[in-house]
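Worksheet for the structure shown next.
The values are calculated or read from the model by the stated rules, or taken from the named source; none is laboratory data. Predicted model only: the values in this text are computed from it and were never measured. When we count neighbours, we look across all protein chains shown, and the Cβ atoms used for this are built from the backbone with ideal geometry, even at glycine. For the accessible areas, the whole protein counts, side chains as well, though only heavy atoms, and no ligand, DNA or RNA atoms are used. Shrake-Rupley method; radii C 1.70, N 1.55, O 1.52, S 1.80 Å.
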Amino acid sequence: MVSLLDIIGPVMVGPSSSHTAGACRLGLLARGLVGGTPDRALVELHGSFARTGEGHGTDKAIVGGLMGFRPDDERIRTALEIAEREGLAYRFEKTSLDDEHEIHPNTVRLTVERGDRRSVMQGSSLGAGRVLVSEIDGFPVEFTGNHDTIVLVAEDVKGSIARIASILSDRSINIATLRLSRQHRGGDAFMVIEVDDPPTEAVRDEIRALPWVKWAFRLDKVSA
Amino acid sequence: MYKTLADAVRDAEARGVRLADVALDAESRDQGRTVADIRHALGRALAVMRGAIERGLVGDLMSNSGLVGGDAHRIAGNTAAPVAGAPFRDVLGRALAVQEVNAAMGVIVAAPTAGGAGVLPAVLTGLADARGIGDDALIDALATAGLIGAVVAERASLSGAEGGCQAETGAAAGMAAGAATEMLGGTPTQAMHAVALAQQGTLGLVCDPLGGLVELPCVFRNATGAAIALAAIEMALAGITFAIPADEVIDTMGDIGREMDVRYRETAGGGLAATPTGRRLARERLVQIKRS
């Protein structure tokens, strides 16, 4: 469903809604997967991101997003210098992630590390600043950052979804979508829960404290 | 949100309200936000648009590559008598200003996209300021523009990579034409004709930026897009109608975009980007960006 505010927006640092604003949003989501600014980041640019990214500030926008800058933050212009000063060691590589026809032309794979936590996220910038995350740590996912989102990995135990849903409902947090994927029966389950109401850090902590939850992160929504 | 302009016009005229009103009501219903809240967000967008115009007119910005910059100041500072009236010159200067800010990684509102961000603020604020129209009416105009853009997104595309420049500055011209026609007292039907009149004038427009950068010709195409919008507004307010309904003109834009060769869809493989000078400039400037 198209929103007026998607059309009259986003407010952003130029020059390209797909190569700059969308790239920044993908950086913001990857940051969320390690719970803060990473110590190290490998940025693998695919397709048009690789070909015209430099001229569009895609590199600055992604690194800015990793440091928590939103698309309208003018610090994006000097994000690479700020990252060097603040100890975010980033590295860019141009790559071909797959057959060009199967993967969106504006796609990036981000490998981020913070402390002993490491995560790999793949996502695409679809145009007009809209993004889609397609893979996290090898699990296929599909979410847009248009909602606050909780991602978690849990052992495949019965009743896990009901338990998490009840934690959210106890806090009056409405679930917009919930998707579950697992690599095989009995293997770890990857859950992506998009919610209408912003979850607090306490909610995340409560979910993470469940004995069968291996890790859980809360990703702030990246749309306006 | 509406999927056809015809439905929006029918609802507005049945209720005796403007397109802005039905757009705000539809957005409120779809997103579960109050109209006041949506207007507040549009007011913030308007403030950013005005800030970008002001910033760009100073004339000291250069793009990343150095290909564009300073031309908004050049036209605004021209002391010779305007060729086609003061507001026309003023609108062109504002469109260049926003797009020069965008090319220099300044803050703009992507409306509908960053590459086409100059047209709408230039036309709306230029005409409003010339006639002493205030911000409330401009916020309504942004709502109308958003409705038109949403219909284009639904029926065709708002991406140069998908549909060429007709889907970026072309769509922006249609949005600006319809919204300004209503802002200046036109009926919803007149606004719809303004959309059709603007968009017919940009059908087939290719996206051919040098080096793939949102710089050249993008900056100038925002100015010419604004000029097409002004022509459409003038015609629509005079009561001129366009025989092909706006929804069908938009569908045509989508069809042409789908059939457009990939060289003309933001890949820098054709059009001005592929000219001998275009290729040479892109090569030189991309080297410069890598050094900076």
*Tell me which of these B:ALA176 doesn't satisfy, since it passes every other one: (1) small (Gly, Ala, Ser); (2) within 21 Å of B:ILE240 (Cβ to Cβ); (3) within 10 Å of chain A (Cβ to nearest Cβ).*
(3)
*May I ask you to list the residues in region B:60-72 that are more than 9 Å from every other protein chain (Cβ to nearest Cβ) and either in a loop (DSSP other than H, G, I, E, B) or more than 23 Å from B:ALA122 (Cβ to Cβ) (or both)?*
B:ASP60, B:LEU61, B:MET62, B:GLY66, B:LEU67, B:VAL68, B:GLY69, B:GLY70
*Within region B:179-190, tally of residues that are under 12 Å from the mean Cα position of the chain (by Cα) and away from chain A (no Cβ under 14 Å)*: 1
*asked:* Could you go through region A:3-14 and let me know if any residue there is part of a helix (DSSP H, G or I) and either over 30 Å from B:LEU19 (Cβ atoms) or open to solvent by 20 Å² or more (accessible area, probe 1.4 Å) (or both).
replied: yes
*Name the one entry in B:GLY186, B:GLY149 that is modelled with pLDDT of 95 or more and within 11 Å of B:ILE250 (Cβ to Cβ).*
B:GLY149
*Does B:LEU158 count as within 14 Å of chain A (Cβ to nearest Cβ), surrounded by 24 or more Cβ atoms within 10 Å (Cβ to Cβ), in contact (Cβ under 8 Å) with a residue 24 or more places away in the chain and closer than 21 Å to B:PHE242 by Cα?*
no
*Kindly provide the set of residues from region A:133-152 that are away from every other protein chain (no Cβ under 14 Å) and open to solvent by 10 Å² or more (accessible area, probe 1.4 Å), ordered by number.*
A:SER134, A:GLU135, A:ASP137, A:GLY138, A:PHE139, A:PRO140, A:VAL141, A:GLU142, A:THR144, A:ASP148
_Matching residues, region B:2-59, being at pLDDT 95 or above and assigned to a loop (DSSP other than H, G, I, E, B)_ = B:TYR2, B:LYS3, B:THR4, B:GLY16, B:VAL17, B:ARG18, B:THR34
*Which condition breaks for B:GLU27 when tested against (1) within 11 Å of chain A (Cβ to nearest Cβ); (2) open to solvent by 40 Å² or more (accessible area, probe 1.4 Å); (3) acidic (Asp, Glu)?*
(2)
*Inside region A:60-76, can you point out the residues that are within 12 Å of A:LEU110 (Cβ to Cβ) and in contact with a strand residue (DSSP E or B) (Cβ under 8 Å, 6 or more places away or on another chain)?*
A:ILE62, A:VAL63, A:LEU66
*Number of the exception - A:ARG85 against (1) in contact with a strand residue (DSSP E or B) (Cβ under 7 Å, 6 or more places away or on another chain); (2) closer than 28 Å to B:MET62 by Cα; (3) more than 10 Å from chain B (Cβ to nearest Cβ); (4) among the charged types (D, E, K, R)*: (1)
